């Protein structure tokens, strides 16, 4: 049996996810994607908005869209403190698409007075694009030959 | 007769009031529980964030300036985020928090400006207090971080551009259903807890400053978020207790009124009997004389 580690994803609002049998974590570090295996050297790193993939034992894969944050890596444990974190199955693709278009329109027309700043709109756009990307990738995955069941959202 | 009918009408209306206050008590009780659950749910993040901050702050800075949100500056202007309910009917909650806020303002060595969250505090400060710097509506009970991020951002911006050299947050801490304590906590600059420690030597990527750039604003948001949740829980529990008292008073009043009503009814009956007896007696005497 391959070595495993435990993992937690927490946001300000709640603990989003918790698992004990994680074989690998792929996280969007600010300086590029990072693959974390058990017995990794301790690291604290900032994350950018992107896709966080958790591989659990038995080939189960859990993709999350996270909106930036940071991650603490210990040899036996990974803790992700995210601004936002959504499991792929929680994402409403139509709403994400609508939000993306709204953000794009705001970028074209310039930020409204008194509203969010340009940088914030760019951030939001990035987050929405990540969510859409995560869902699309998952769908392709499922359409192809896959050993995955329809629902493996059983935490811990 | 009119007094008996009037008393009856009063009993009915007091009973109605009692029903309303009992319903409000139940509503407040469930809202209070939900706010408490949310507070608990945000605790893991809070603990972890504090730990990491303590760890990074304890690192040798290597000649770098501390992160702007950690920098202590001479205090010339103070901001106070005042979290209050929108509505009354919550017993002494609002006056308690305003008293604490005023003590803070009076004792502050530098002039204070108010960032009002919730209408009660705003209205009072407009009339009697220092100038308002900004005002926000009371965040909804189904609180999300996005509801309070404008407040946190405003505080951070005002601090970074030097409008305020310190920002405090004033809210009511939920101790238990009977006790809510108004408190004032420092929000900015952030004070790391040096005793927090992590069990290992970490590589920090890409740099401590970059991690702090993410961590510190998130911590400010988290503190505001938790303060609002505590304030919500306090508001609902204070209202619950106030409404329970009101219900009990209504019941007591109904009891008293019922007693008065019965007395008045008895009196009326006695009077009628006396009238009849008197009439009969008069009739008898008149017949005897005839």
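Listed values, structure above:
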{"item": "So residue B:105, is it touching a strand residue (DSSP E or B) at 6+ places or on another chain (Cβ under 9 Å) and farther than 18 Å from residue B:151 by Cβ", "result": "yes"}
{"item": "Residue within segment B:39-48 that is surrounded by fewer than 17 Cβ atoms within 10 Å (Cβ to Cβ) and in contact (Cβ under 8 Å) with a residue 24 or more places away in the chain present", "result": "no"}
{"item": "Residue in segment A:45-62 that is farther than 14 Å from residue A:130 by Cα and touching a helix residue (DSSP H, G or I) at 6+ places or on another chain (Cβ under 6 Å) present", "result": "yes"}
{"item": "Matching residues in segment A:55-68 - criterion: being more than 9 Å from chain B (Cβ to nearest Cβ), assigned to a strand (DSSP E or B) and touching a strand residue (DSSP E or B) at 6+ places or on another chain (Cβ under 7 Å)", "result": "A:55, A:56, A:61, A:62, A:63, A:64, A:65, A:66, A:67"}
{"item": "Residue within segment B:157-171 that is under 30 Å from residue B:241 (Cβ atoms) and under 13 Å from the mean Cα position of the chain (by Cα) present", "result": "yes"}
{"item": "Residue B:184 being in contact with a helix residue (DSSP H, G or I) (Cβ under 9 Å, 6 or more places away or on another chain), more than 22 Å from residue B:31 (Cβ to Cβ), at pLDDT 90 or above and in a helix (DSSP H, G or I)", "result": "no"}
{"item": "Condition broken by residue A:11, with the remaining ones in (1) at the interface with another protein chain (Cβ under 9 Å from one of its Cβ atoms); (2) in contact (Cβ under 8 Å) with a residue 40 or more places away in the chain; (3) surrounded by fewer than 19 Cβ atoms within 10 Å (Cβ to Cβ) satisfied", "result": "(3)"}
{"item": "Scan of segment B:80-124 for residues that are part of a helix (DSSP H, G or I), crowded, with 17+ Cβ neighbours inside 10 Å and more than 16 Å from the chain's Cα centre (by Cα), ordered by number", "result": "B:104, B:105"}
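For every residue, the table says whether it meets (1) modelled with pLDDT of 90 or more; (2) touching a strand residue (DSSP E or B) at 6+ places or on another chain (Cβ under 6 Å); (3) on the phi > 0 side of the Ramachandran plot; (4) not in a helix (DSSP H, G or I).
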site: A:22; (1), (2), (3), (4): yes, yes, no, yes
site: A:53; (1), (2), (3), (4): yes, yes, no, yes
site: A:70; (1), (2), (3), (4): no, yes, no, yes
site: A:94; (1), (2), (3), (4): no, no, no, no
site: A:105; (1), (2), (3), (4): no, no, no, no
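Condition check ((1) within 11 Å of chain A (Cβ to nearest Cβ); (2) surrounded by fewer than 22 Cβ atoms within 10 Å (Cβ to Cβ)) across all residues:
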| position | (1), (2) |
| --- | --- |
| B:203 | yes, yes |
| B:212 | yes, no |
| B:223 | yes, no |
| B:231 | no, no |
| B:244 | no, yes |
| B:250 | no, yes |
| B:254 | no, yes |
| B:263 | no, yes |
| B:269 | no, yes |
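The values are calculated or read from the model by the stated rules, or taken from the named source; none is laboratory data. Quantities reported herein were computed from a predicted structural model and do not represent experimental measurements. We place every Cβ from the backbone using ideal geometry, glycine too, and count neighbours over all the protein chains shown.
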